Every structure is written in structure tokens, then in C-alpha cells.
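One structure is given below, encoded as C-alpha cells.
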Amino acid sequence: MPENIIVAERLGRDFTMRRPVKPGWRGWLAKSVKHTVEAVAELSFTIEAGAKVAFIGPNGAGKSTTLRMLCGLLRPTSGMAQVCGLVPWKETRRLAQSIGLVFGQRSHLWPSLPVRDSYDLLAKIYDLEPEAYRAQRARLAAVFGLDELLAQPARTLSLGQRTRCDLGAALLHQPPVLFLDEPTIGLDVVAKALLRDHLNLLAHEFNTTILLTSHDTDDIERICDRVILIDRGRKLLDTSLGELQRDYNRFKTLRLATAGEAPAYARGGVTVVEQGLHRLVLTVDTCAVALEQVIADCLGRFSVQDIAIEGMPLEEIVKNIYATRLEPQ
Amino acid sequence: MRPGHGIAVLAESARLGLKHTLGERLLLLGSFLLYGAVMLTYSAVFRAVGTSSIAGFGLSQANLIWYMGVTELVLFCTPTFQFREFQHEIHSGDIDLLLVRPCPLWIVKLGDGTGRFWARLLVLSVPCLTLTGIVAGGGFPGIGRMAGALLCAGLASPLLTASLFMLGASCLWVRHADPIYWIWHKCLFLLGGLLWPLALYPAAVRHFAWATPFPAMIAAPAQWGLPGGEWWLAAALLHQLFWVAAILLVMAKAGNAMLRTIQGGDAA
């Protein structure tokens, strides 16, 4: 059985914030009052070596806070965590040798130096053997296509190029764990796809454990095999990506192109997602109504020119989970 | 962390700082031109000051020009913008990546700052001191003394770099480091003896100044440009060595305090 490389037990983190005082006599004494915000609460999970886990949730769900605690940048207010057998916030520098960090829009590179110089300095910082460093740099350059970028100062690189170089910088010391916080933020479609391919190649080649937070569900679908969903600092779901898609596969999207200008449809178990000129998009809950029935119904009512059936995209699945899980609150 | 590891990081960081600064040819040329303008202006001011008032201290106008030649050289070699770069790294959040590394950040910054300082010193010292000799029109302290001044200027570089590191780091607690930098700069000007040797200061201010690290940054190297006994130079060197050790210790503590502040989520 593979060992757990990341363990979090009842992890919690509160932040003390300041709120402005309402106008009045109290405002003369104090401009703001303190209040506590619970960013993460009672969060427990384990991640085994080599796993590729996505941490997803809406803004303010506590994803980045959790990631910061796991890499030693934030001390929790309660609970414990271990990464590679070390307590991150107590043994930050020792842990640094075993983890790689890629935070979207932040850089490991010195802007005015050529990327190669930044790598040279990082090799010294991580105390790498010169031979091992050169071999790893060559390997990363091949994987990420960095050969032409190494001689350029980091400030002259495009965002996509810089992200690739940053990923290389984070992996120079061959860390067994890689934390990625919104790695594709700000990248165009092509650069995103390239980066995802690179990450997959990397995970395959180095058996790196990946913990990824992203708002982009495509990142998750292409890179990860497990999903932890959190909201308001609490875990909602922890399951494999396959299971998640299977459990929510009951929802099918039906796209219809019709001869009629304004197709309209209403039936129990069917939600109209989009209704336009010669166009109708429906979500069918196959547990409530058979898909075949809906299709037959549509074929009977409209003159259908084209029809497409799709599984529900991950983004919709996630939205659905939030809607159903958070309903009682 | 092994001491050898720290030294290797320091050396590599200094090498890159040196290489980077040597590539900034326009900046170096601009620094020399500005140095020339300052020296020409102040040498004229010093000549306008009566000789009798400074003769009592055993100094001539040429001595004052040589003194200022060295203080200004130290100042022009100091990469003062480094504190703003560091402040930007903190505000932009890049600091998160810089702190989670096996080697403390202060070692990297110390190497970088000293490398940049030494690169400027390497390029600027000969033309700047030659220019000083021309505007002073005499009173050359001798090759040995000038070598001593440059060595002490080099020794001042960790002091200045550490100060700039701590000034930049202060924005973690006060949000903007600029007001603190302004105070530090004025102290360097006044207590460091930028324009006049500390010997000319009122006794109380002079004693107070020597109790601070500022003379070790500027006055101690420039002292080699003045006539005076060797014992005085040795005392200034000891003062400098003491403050280098003390400030590096404080710098290391500040580096640890930064990590603790960020971990506590208490940054301003």
C-alpha cells in the first residue's frame, strides 16, 4: 500500500480582520473593530505518494490557505499536518528541499537575470551536485522546451514562457511533492494546454505528487485523478475524478438545432439551459426521466435538424454539488 | 544548514549581483557623471570656507575634498533601490516563494547586495578617485591609505546591504518602508558624516554618532583620506568590524522574524 506523503488532521485557520466602525461617537475612539474569520475548519485528508489531487472550491473557500499551511507559509490555529514526514510550519526550510511551489502570477526567477543564472543560483540554494543539476536542467529543458529561453532575462518572457520556466525552477531539485496554486491563471488557451501536457509528462516521468488548486476545471480534468471539494473552509467531498463523473453522469446535456425559430420545452426532470434562435440546450436528469423519452418527445414536437448528447462538464458537476450540498444551509 | 552551503549561496549570489551590475554600463556612466557634478560643486563650496576654521582640527580644504570623495564613492556604490525591490517582492507576494527555500533569504540578499556594491566599486573607484585628486589639487593621502579606504568601503557593503534588507523587510510590519528609509537616509547623512568629518561635529553629537552603526558605513572608510594617526584608523576598523558582526546577526534575526510574521498571518 503506498504511503501517505501528505496528512492533514482537523486543520483549521482563523484570521483576525478589522471592520470599520459605524459612524458615531465610537468612531472617535476606534476606527475599526476586530473580528475573526474562519478560513479553514476541521479539514482532514491524506494524499498518497504519486497521487494527483485537485483542491477545488469557490473564491474564499480556503484552498490557498490550506495550501499555504501545507507548504509552511501559514501556521494553523488548530489541527496538525505533515508533508513528507515534516511539520511544515515548524520545519519550513527542511521541507523546502522536498517540495516545489508554483503560484500563478508569482515567480521564482530574478527578473533582470537570464533564466539560466536564476537556475544556477537555485541550484546552490538547494545544494545540488553540479552534475546532477546540469542533468536535471537538461531534462527539464527538454520536457518544457526551455532551451531557447534559458539565455533570456525573465522580464522579457511572455507569461506562458515564464510559467514554464517557473515550473522548471520549482522542479530543479526534483521534489517529490509539487504544490500548484492556480498555475494556469492568465495563460491563453494554447499555453494552458501546453502546460497541462507538460505537467502530465512530469507526473509520469518523475512520479511527483501533485496538489493543485484551480478555478479552471479543464486543469483538473486533464491533470488530476482525485478531487477534494471544499467550501467555507470545510470539506464537502473527497472522491476520485472518475467516481465524481460517474456519480454525476446521470445528467446529460441535449443540444438541439431546430427548424422552428423559437423552440420551447418543459417537462419534469428537464432543465432548459439555453433557448435561442433555432436552438435549444437541455439538461436531463436521467434518474427522473429517460433520455430516450425526452429525445422522442423533442423529435415529435420539433423539426430537429441536428442533435447532440453530451455528458455533464466537470464545471457543471461542481456547480451541482455546491447547489445540492449547500441547500439545507 | 552547513556553513559551506551558506557560503556557496553567498558567493553565487554575489557573483550574479556583480555580473548583473557590470552589465549596466549606462547606470555606471550616469553614476560617474553625477559623482563628478557633486564633487565639483562641493569642492567649490569647501574652497569658499575659510581655512582658519578647519586648520584648528589639523585639516586642509584638500583633506575635506578627499574625505568627501570617499564618502560619495561609498554612497554611489550602494544599490539603494534594493530596498524598494525587496518591498515590491513583499507586496507582490513573491516573498512566499523566496522564503520557502532551504537557505535563508537574507544570505541570498546579502550576497546580491555585496556583489552589486563591489561591481560598482570595481568600476567607479579609479575614475572617481582620480577626479577627486584633480578637484582637490593636492593632499593625496598615498596609495596605501587609498587601498585602506577601498578595503573599508568594501567592508561597509554588508552593513549597507543589511540595512537595506531590513528597511525593505519593515514593510511587513508598517506596510510602506519609504518613511523609515527617509529617516535612515537622514541618519546616514548626519551621523555617517557624509559631508564633513565627524571630528568637526560638536562633541556630544560626535560621541552619539560613533555609538551608532552609521559611521561604520561612511565615515570609517573616508577616515583613510584624512591625515591622522594609525591608531585612529585601527579604532575605526574595529568599530566597523563590530558593527558588521552585529548587523549581520540582526539581519539573520530579521529574516527569521519575517518568516514567523508571514506564518502568523500578521503582515501589515
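The numbers here are math on the coordinates, done by the rules we state, and not lab data. These numbers were taken from a predicted model, which means no experiment stands behind them. Using ideal geometry, Cβ is built from the backbone for each residue, glycine included, and neighbour counts are taken over all protein chains shown.
In nm, to one decimal, how far is the residue B:80 label point from the residue A:78 one, both placed 7 Å along Cα→Cβ?
Placing both labels 7 Å beyond Cα along the Cβ direction yields 5.1 nm.
Hey, got a sec? Which GluC sites (Glu not before Pro) in the range A:80-171 land in a DSSP loop and have at most 12 other Cβ atoms within 10 Å? Walk me through the intermediate numbers first.
Numbers: sites: A:91, A:131, A:148; in loops: A:91, A:148.
Within the range A:80-171, the qualifying GluC sites (Glu not before Pro) (loop, at most 12 other Cβ atoms within 10 Å) are A:148.
Just to compare against my own numbers: the Cα pair-distance distribution for the range B:3-264, 10 Å bins, whole % per bin, please.
7, 29, 34, 20, 8, 1, 0
What is the list of residues in the range B:137-177 whose amide nitrogen lies under 17 Å from a point 7 angstrom out from the Cα of residue B:92, following Cα to Cβ?
B:168-169, B:171-172, B:177
Relative to 2.2 N^0.38 Å, what does the C-alpha radius of gyration of the protein assembly as shown come to as a ratio? Two decimals please.
1.27
Quick one: which residues, 5+ away or cross-chain, put their amide H under 5 Å from the amide H of residue A:236? H built at 1.01 Å from N.
So residue A:236 has HN proximity to A:229, A:230, A:231.
Exactly which chymotrypsin sites (Phe, Trp or Tyr not before Pro) in the range B:1-90 are in a DSSP loop and have at most 15 other Cβ atoms within 10 Å?
Sites meeting the loop and neighbour criteria: B:57, B:81.
Which value at 222 nm does chain B reach when only helices count, each DSSP H run of 4 or more adding -39,500 (n - 2.57), with the total divided by all residues and rounded to the nearest 500 deg cm²/dmol?
Roughly -25500 deg cm²/dmol at 222 nm, from the helical runs in chain B.
Once the Cα gyration tensor of chain A is diagonalised, what are the square roots of 5 times its eigenvalues, in whole Å and ordered largest first, as equivalent ellipsoid semi-axes?
41, 29, 20
Taking only Cα atoms, what is the 0 to 90° angle, nearest 10, from helix A:115-125's long axis to the longest principal axis of chain A?
Orientation of helix A:115-125: about 60 degrees from the principal axis.
Would you work out the relative contact order for chain A, in percent, from Cα pairs under 8 angstrom that are 6 or more residues apart? It would help to have the intermediate numbers written out before the result.
Working: 592 pairs, mean separation 56.6, N = 329.
So the answer I get is 17 percent.
If each of residue B:187 and residue B:234 carries a label point 7 Å out from its Cα toward its Cβ, how far apart are those two points in nm?
3.0
What distance in nm separates the two pseudo spin-label positions at residue B:245 and residue A:205, each 7 Å out from Cα along the beta-carbon direction?
Using points 7 Å along Cα→Cβ, the separation is 5.0 nm.
Which entries in A:34/B:186; A:192/B:19; B:109/B:186; B:19/B:186; A:63/A:319 show an alpha-carbon gap greater than 28 Å?
Details: A:34/B:186 36 Å; A:192/B:19 34 Å; B:109/B:186 23 Å; B:19/B:186 31 Å; A:63/A:319 17 Å.
Check vs 28 Å cut-off fails for A:34/B:186; A:192/B:19; B:19/B:186.
With r defined as the distance between the Cβ atoms of residue B:38 and residue A:159 and R0 fixed at 35 Å, what FRET efficiency is calculated, to the nearest 0.05? Don't skip to the answer; put the middle values down first.
Details: r = 42 Å, r/R0 = 1.20.
Efficiency computed from Cβ-Cβ geometry: 0.25.
Please find the FRET efficiency linking residue A:239 to residue A:288, where r is the Cβ-Cβ separation and R0 is fixed at 22 Å, and quote it to the nearest 0.05.
That pair, residue A:239 with residue A:288, gives E of 0.45.
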